[in-house]
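Have a look at the structure below before the remarks.
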Amino acid sequence: MMPFRTIVYELKDIGEGIGNMYRKGAESKHMHWHGKSHIAPECSLPPPPSPSSFSTVVSEQSRWANLPPELLLDIVQRVEASETSWPARRVVVACASVCRSWREITYSVVKTPEQCSWLTFPISLKQPGPRDAPIQCFIKRERVTSTYRLYLGLSPALTCDMSKLLLAAKKIRRATCTEFLLSLVPDDFSRDSNTYIGKLRSNFLGTKFTIMDGEPPHDSAVPLNCKLQQRDHLKPLLPRVAAANYNVGTISYELNVLRTRGPRRMCCTMHLIPISAIQEGGTAPTPSKFTNCYNEHASTTPISKGKKPRVEFGSAGTDDSPGSTPSAREPLILKNKAPRWHEQLQCWCLNFKGRVTVASVKNFQLVAAAEPSQNVAVAEQEKVILQFGKIGKDIFTMDYRYPLSAFQAFAICLSSFDTKPACE
Amino acid sequence: MAEKASPSSNSISLKTVDGKIFKVSPAIANQMLTIQPLIKDSDSSTIISLPDVAAFHLTKIIEYLEGKPAAAPSAVDAFEAQFVKDLSPEELKGLLIAVGYLKVNGLVDLMANTVAKLIENKSVEYVRKFFGVVNDFTPAEEAKCRQEHAWAFDGVDED
């Protein structure tokens, strides 16, 4: 820190020497404003100024880098509040890439999807959606490349080319299972990339799927004790490691023993989300930033040399929160709403409120399934938390709500693409 | 002001950082919230110095404070639009800081809004250049920003 400071003051002195009138006298008055918004020498971008332009750059800089945080906050708040739809909202992301003080302020201004219903930074894909109105998305399937793309918006027809790509997934067939690799970008599904988000893996039969998060659980609000396998691989973290995989959810499709065609039955267990999250006052884990490519969380992030570490969630969890009952901390279980048999149409029907238009075995609505002992209000058990269905050839809608995140919701929907005929 | 006196004897003297002295009426000075507490105790001989404000900026602030009430209610928007339109980006930046320092009624909103609009749909490099801010990220933080940026942007206006 110290060498930093020294350079900062030198820069300021140069600024004054050149005759920057704003620094004089203001120095003492404004020092308390600065806090962490000090100037630092640039490391890479943009290229260093040429000697001829140096004086203007420095004098400008000392004035503007000392823009009082409250003014900067005021400006960023206005930008954030005025750009509520994509792609215009990307300017908020731009504000967070300007410098450290801008980043800090922008992150303090941007709320979670639960609080504001908007997605802003990539991390918002891992934060639970809003509690009331769902976030509406659609999924495009590209059969040739086996890729699936999740977009923010009602449908391709309604949003034209303005849809924001949220996540992309690539299906990979392996000898014993199928894997979907999830990424922030549509052209890089490498697990070593920092765009890697997580994956979905099926069992051999395609009846059971595991959602693996590339990020460690971020806080202590984990309902069950998670213990790391292969503890001997824990070592001080290197700056960049291939993401580990953390089991955050399991989806199982019930085998239809009669082999008759009928609605599927699916059951999702979200290991990290307590059932209490769907009640008023309950919360689901909400990470505030990605951790996998930083070394600042060295003590908590696992590293492996050979096999990737996997985190399992044992049921022998210790309840370290005295206030909550053990049953409230049990994981959230989601089940699909049973469709009604429609006599006239001779088919199974569900009310998708206009968001699903094509009959498909893949369509589903998930609601919370609670035991009577868990004291979950009936109204909460009827709320559709995730809805997925077909609206056209290779186009599907996906609407999700609290306590699921876009990542978890997308992974659950992807599982619906890969179930084997055995369970239909 | 309670006592009735001629404007000149009652006026407030403000000294800018570049040494110019401006005499303004208490009604005008009172709208600069930062100096408001100083006005009560001052008489015609007091000079309030403003270490963060240049003469040019104070001129603009006074122009705004005098011009806005003079404009018809329906013309206030047009007046404000014209006011910021006349400013170069450099002047805009300096004025924003001066206005933020003095906490000038109404003008803080106008300036912050104007600057917020300016950076809409602009690249990070543009914003850095415009504000004269230096990229002080560590390589790890920068990688993080690039990732967010790549996700958020698939094309941005050329500056």
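Please treat every number below as a calculation from the coordinates, not as lab data. All values derive from a computational prediction rather than experimental measurement. So basically every Cβ, Gly included, is an ideal-geometry build from the backbone, and we count neighbours across all protein chains shown.
Suppose R0 equals 41 Å; then what is the FRET efficiency for residue A:132 and residue A:192 from their Cβ-Cβ distance, rounded to the nearest 0.05?
Approximately 0.60, to the nearest 0.05.
Using label points projected 7 Å from each Cα along Cα→Cβ, tell me how many nm separate residue A:205 and residue A:346, to one decimal.
3.1 nm
How big is the Cα convex hull of chain B in projection, averaged over all directions, in nm²?
Average projection, Cα convex hull of chain B: 12.6 nm².
Determine by what factor the alpha-carbon radius of gyration of the stretch B:20-71 differs from 2.2 N^0.38 Å, reporting the quotient.
That ratio works out to 1.12.
In deg cm²/dmol and to the nearest 500, what is the mean residue ellipticity at 222 nm of chain B if only DSSP H runs of at least 4 residues count, each as -39500 (n - 2.57), divided by the residue total?
Result for chain B: -16000 deg cm²/dmol, rounded to the nearest 500.
In whole angstrom, note down how far apart the Cα centers of the stretch B:34-63 and the stretch B:94-159 are.
29 Å
Taking 8 Å as the Cα distance limit and 6 or more residues as the minimum spacing, I'd like the relative contact order of the stretch B:2-119 as a percentage.
26 percent
Students often get this wrong, so check it: of A:126/B:117; B:40/B:103; B:68/B:122; A:111/A:164; A:126/B:129, which have C-alpha atoms separated by over 27 Å?
Numbers: A:126/B:117 30 Å; B:40/B:103 17 Å; B:68/B:122 31 Å; A:111/A:164 19 Å; A:126/B:129 33 Å.
Pairs exceeding 27 Å: A:126/B:117; B:68/B:122; A:126/B:129.
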